[in-house]
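The values are calculated or read from the model by the stated rules, or taken from the named source; none is laboratory data. If you're wondering where the values come from, they're calculated on a predicted model, not measured in any experiment. All Cβ positions, glycine included, derive from the backbone under ideal geometry; neighbour counts span all protein chains shown.
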Amino acid sequence: MIEIDRITKVYDGVPAVDAVTMTAESGTITVIVGTSGSGKTTLLRMINRLEEPTSGEVRINGESTLATKPHLLRRRIGYAIQGHGLFPHHTVARNIGAVPRLLNWPKDRIQARVDELLTLFSMNPAEFRDRFPAELSGGQQQRVGVARALASRPDLLLMDEPFGALDPIIRARAQDDLRRIQRALGSTIMLVTHDMEEAIRLGDRVAVMDGGHLVQYGTPAEIVANPATPFVADMIGDVERPLRLLSLVPVSEVVENGEAPGSALPAEGNLRDALSACLWTGRTAVPVERDGAIVGRVTLDAIRSRAELRA
Ligand code: ADP
Ligand code: MG
């Protein structure tokens, strides 16, 4: 569990982060969202003590971060930033193994961990482990950056706008990947973004920052349904509200018996993806699969009535 307790940072008499208090459960993704200058990066950097708080405290699994020397603390907390920050003259394997090497893991354990992570990120180890960052696509570099931050199984992974440099289509895939990998590894992640859509898509909990204050903290469904302030409502945006609501409903909730033509959607997917699939292919229903077996279908009518019900 990560407990942030009245944490404050004052620069030149002006608070950049003002008495923020929140608790994040282990094994979850917490997304900190806000406009530029709202204090997101400062908040994140106080957690691993790249910035020292003016007042307040962070506890990780009950232990104050002030009890550990900053450089040792940062070996237990992964940090991934926009533009990956890979060492250009080191291979993929060396980049991913950087922190385990600092921690003196045995060589074979590091190698096994590198291969495990590459596989998890859908990159064939034999093909990729000896490449240099310049020999990878932007999306692959970004995945290696995240794999590196996860390599030592950190207590916590901090991510500051990690997908900011990716184009929208790759970005959606990177988000899905992160979600899948976080679930597989049970990692605890705090991620900063200015994009409310990303927050809703990725967060188990979403923390909305405005002018250094935490203005709302809740599940995506709570925030979409009941924005705490006009600012939060603005960030959500009224126009796409039905679509955003659909993105919160799993396909499994409206799956029905019956057949439909074409390629199947996973039951764990959401209704927004199902709607896209229908519109894109001109179908009125799509098959749904779980663990490779067709379990039924979802119809355009069912999606539509769900959007109207919840809008
Ligand atoms: P965000 O990541 O949400 O864009 P930041 O945390 O980077 O916001 O910045 C919050 C506020 O604190 C901004 O007004 C910024 O100018 C100010 N700030 C950030 N870092 C410093 C610093 N090192 N010195 C002075 N002011 C800073
Ligand atoms: Mg920032």
(message) Residues that are surrounded by fewer than 24 Cβ atoms within 10 Å (Cβ to Cβ) and more than 22 Å from I60 (Cβ to Cβ): does segment 186-193 have at least one?
(response) no
(request) Determine whether L73 is in a helix (DSSP H, G or I) and within 30 Å of I236 (Cβ to Cβ). (result) no
(message) Quick test of your reading of the structure: T41 fulfils all but one of (1) outside any helix (DSSP H, G or I); (2) within 26 Å of E198 (Cα to Cα). Name the failing condition by number.
(response) (1)
(message) Within segment 64-88, take every residue that is within 16 Å of ligand 2 (Cβ to nearest atom) and out of contact with any helix residue (DSSP H, G or I) (no Cβ under 7 Å at 6 or more places or on another chain) and give me the one that is modelled with the lowest pLDDT.
(response) G83
(message) Exactly one of these conditions fails for D234: (1) on the phi < 0 side of the Ramachandran plot; (2) modelled with pLDDT of 85 or more; (3) crowded, with 16+ Cβ neighbours inside 10 Å. Give me its number.
(response) (3)
(message) With the structure loaded, tell me whether K9 is of a type in the set (D, E, K, R), within 11 Å of ligand 1 (Cβ to nearest atom), under 21 Å from L157 (Cβ atoms) and surrounded by 18 or more Cβ atoms within 10 Å (Cβ to Cβ) or whether it fails that test.
(response) no
(request) Look at T28 and say whether it is within 15 Å of ligand 2 (Cβ to nearest atom), of a type outside the set (K, R) and buried (at least 16 other Cβ atoms within 10 Å of the Cβ). (result) no
(request) Would you confirm whether any residue within segment 240-255 is farther than 29 Å from G218 by Cβ, modelled with pLDDT under 85 and basic (K, R)? (result) no
(message) Going through L166, L150, L136 one at a time, which residue ends up being modelled with pLDDT under 95 and more than 29 Å from R49 (Cα to Cα)?
(response) L136
(request) Kindly provide the set of residues from segment 44-63 that are among the small types (G, A, S) and either assigned to a loop (DSSP other than H, G, I, E, B) or modelled with pLDDT under 95 (or both), ordered by number. (result) G62
(request) Specify which of the listed residues (A207, A274, A264) is out of contact with any helix residue (DSSP H, G or I) (no Cβ under 9 Å at 6 or more places or on another chain) and touching a residue at least 24 places away in the same chain (Cβ under 8 Å). (result) A264
(request) Taking V92 as meeting all but one of (1) at pLDDT below 95; (2) more than 20 Å from V20 (Cβ to Cβ), write down the number of the exception. (result) (1)
(request) Return a yes/no flag: does segment 241-251 have any residue that is free of Cβ contacts under 8 Å to residues at least 40 places away in the same chain, of a type in the set (V, I, T) and more than 16 Å from M196 (Cβ to Cβ). (result) no
(request) Hey, can you tell me all the residues within segment 124-153 that are assigned to a loop (DSSP other than H, G, I, E, B), surrounded by fewer than 20 Cβ atoms within 10 Å (Cβ to Cβ) and not basic (K, R)? (result) N124, D130, F132, L136, S137
(message) If I filter segment 207-219 for residues that are surrounded by fewer than 16 Cβ atoms within 10 Å (Cβ to Cβ), at pLDDT 85 or above and under 18 Å from the mean Cα position of the chain (by Cα), do I get at least one hit?
(response) yes
(message) Taking the conditions exactly as written (under 25 Å from the mean Cα position of the chain (by Cα), among the hydrophobic types (A, V, I, L, M, F, W, C), part of a strand (DSSP E or B) and more than 26 Å from P230 (Cβ to Cβ)), does A19 satisfy them or not?
(response) no
(request) From S36, S55, grab the single residue that is of a type in the set (G, A, S) and within 16 Å of ligand 2 (Cβ to nearest atom). (result) S36
